[in-house]
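The values are calculated or read from the model by the stated rules, or taken from the named source; none is laboratory data. Note that the coordinates shown come from a computational prediction; the quantities given were computed from them, not determined experimentally. Cβ atoms come from the backbone with ideal geometry, glycine included; neighbour counts cover every protein chain shown. The area values use the complete protein model at the heavy-atom level, side chains included, leaving out ligands, DNA and RNA. Shrake-Rupley method; radii C 1.70, N 1.55, O 1.52, S 1.80 Å.
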Amino acid sequence: MRLCSIASGSSGNCIYVGEKNTHILVDAGISAKRILEGLKKVSVLPGDLSAIFITHEHSDHVQGLWTFGKKYHVPVYATEHTLDAYFNAKRPRELFLGEICRVIHDRELVFGDMRVYPFRVAHDAICPVGYTFRGGMEKIGIATDLGCFTSYTKDALKDCGILYLESNHDENMLLVGGYPYVLKQRILGTHGHLSNEAAAELAGELLHEKLKYIVLGHLSRENNYPELAYETMHQKILSTWKYDAPPPEISVANRERPSEILSL
């Protein structure tokens, strides 16, 4: 299985996940042109895509969906409430040429040689989800836009070979920064975004000897630094790792361009 972060951050999110014969995008929050550039990096054509899975309806996750989905007729999957929130008078479903399909959290879908599992996350959207992907014995987990995690979250993400986790902000930077108080409280709330510290805590509880990669995504431009997010996670892994195998490689997803292709 492979993962490539095509874009990550409040300006737009799009992730590629692929197996031998199955190619999937998670979110389409960037322009169709940038999506095509990202697919080119992983040697995938739009017609090769099996589906686009949407986590929730916020613009940084769907702003390129209408143009890309209509042009290339890629099936779109999301929860029913997310679909309702996305399609409206300005974007009527009947004008969208691709197939539109509903996902239900905790109900697995099968796509060729890959299994997709949607799970609930806590975020201030209509009905947001994260996803895990299984190909053979390998598993990839993606969890962004969540203000907190529970035993349910950890159970969904256990045994992943690649973990793609939100590491949105440094709490101190956010608190002393220029954001309005209400926005700060939203981000810090249980339906906001994971801080560097919370992401590290979650990852620390998901460690196992076959975890190879941790990718930190959805970083705030104003309230975080890639180096800070990396170091927070790095220190947590160093202090927690107890296996004979090498610890997982940590990377930070790039905001503007595709990141390195990771393979299991």
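Tabulated data for the structure shown
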| item | result |
| --- | --- |
| Qualifying position, being among the hydrophobic types (A, V, I, L, M, F, W, C) and within 17 Å of Glu57 (Cβ to Cβ), among Cys127, Cys160 | Cys127 |
| Flag if Thr132 is β-branched (Val, Ile, Thr), touching a Pro at 6+ places or on another chain (Cβ under 9 Å) and either open to solvent by 60 Å² or more (accessible area, probe 1.4 Å) or under 20 Å from Gly18 (Cβ atoms) (or both) | yes |
| Verdict on Lys40 being more than 22 Å from Arg102 (Cβ to Cβ), assigned to a helix (DSSP H, G or I) and either at pLDDT 95 or above or open to solvent by less than 10 Å² (accessible area, probe 1.4 Å) (or both) | yes |
| Residue count, the stretch 233-264 (criterion: of a type in the set (S, T, N, Q), in contact with a Gly (Cβ under 9 Å, 6 or more places away or on another chain) and not in a loop (DSSP other than H, G, I, E, B)) | 2 |
| The stretch 231-254 residues that are farther than 25 Å from Cys4 by Cβ, paired with ones that are of a type outside the set (A, V, I, L, M) and assigned to a helix (DSSP H, G or I) (beta carbon under 8 Å, 6 or more apart) | Thr240/Gly204 |
| Boolean, Glu227 is touching a Lys or Arg at 6+ places or on another chain (Cβ under 7 Å), farther than 14 Å from Gly147 by Cβ, among the charged types (D, E, K, R) and surrounded by fewer than 19 Cβ atoms within 10 Å (Cβ to Cβ) | no |
| Complete set of residues in the stretch 246-259 that are more than 15 Å from the chain's Cα centre (by Cα) and modelled with pLDDT under 95 | Glu256, Arg257 |
| Any hit, the stretch 211-223, residues being open to solvent by 50 Å² or more (accessible area, probe 1.4 Å), in contact with an Asp or Glu (Cβ under 8 Å, 6 or more places away or on another chain), within 27 Å of Gly18 (Cβ to Cβ) and not β-branched (Val, Ile, Thr) | yes |
| Boolean, Lys139 is in contact with a Leu (Cβ under 9 Å, 6 or more places away or on another chain), exposed (fewer than 14 other Cβ atoms within 10 Å of the Cβ) and either modelled with pLDDT of 95 or more or under 20 Å from Ser10 (Cβ atoms) (or both) | no |
| Any chance Leu157 is under 13 Å from the mean Cα position of the chain (by Cα), closer than 24 Å to Pro247 by Cα and among the hydrophobic types (A, V, I, L, M, F, W, C) | yes |
| Extreme residue, least open to solvent (accessible area, probe 1.4 Å), among residues of the stretch 67-114 that are among the small types (Gly, Ala, Ser), more than 17 Å from Ala125 (Cβ to Cβ) and not in a helix (DSSP H, G or I) | Gly98 |
| Residue that is least open to solvent (accessible area, probe 1.4 Å), among those in the stretch 115-124 that are touching a residue at least 24 places away in the same chain (Cβ under 8 Å) and over 16 Å from Phe149 (Cα atoms) | Val116 |
| Residues located in the stretch 18-54, provided they are of a type in the set (Val, Ile, Thr) and closer than 24 Å to Thr82 by Cβ | Thr22, Ile24, Val26, Ile30, Ile35, Ile52, Ile54 |
| Helices (runs of 4 or more DSSP H) enclosed by the stretch 161-222 - at least 1 residues per element that are without any contact (Cβ under 8 Å) to a residue 24 or more places away in the chain | 171-176, 181-188 |
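Residue by residue, here is whether (1) more than 14 Å from Ile142 (Cα to Cα); (2) in contact with an Asp or Glu (Cβ under 7 Å, 6 or more places away or on another chain); (3) open to solvent by 60 Å² or more (accessible area, probe 1.4 Å) holds:
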site	(1), (2), (3)
Asn172	yes, no, yes
Leu194	no, yes, no
Gln235	yes, no, yes
Pro248	yes, no, no
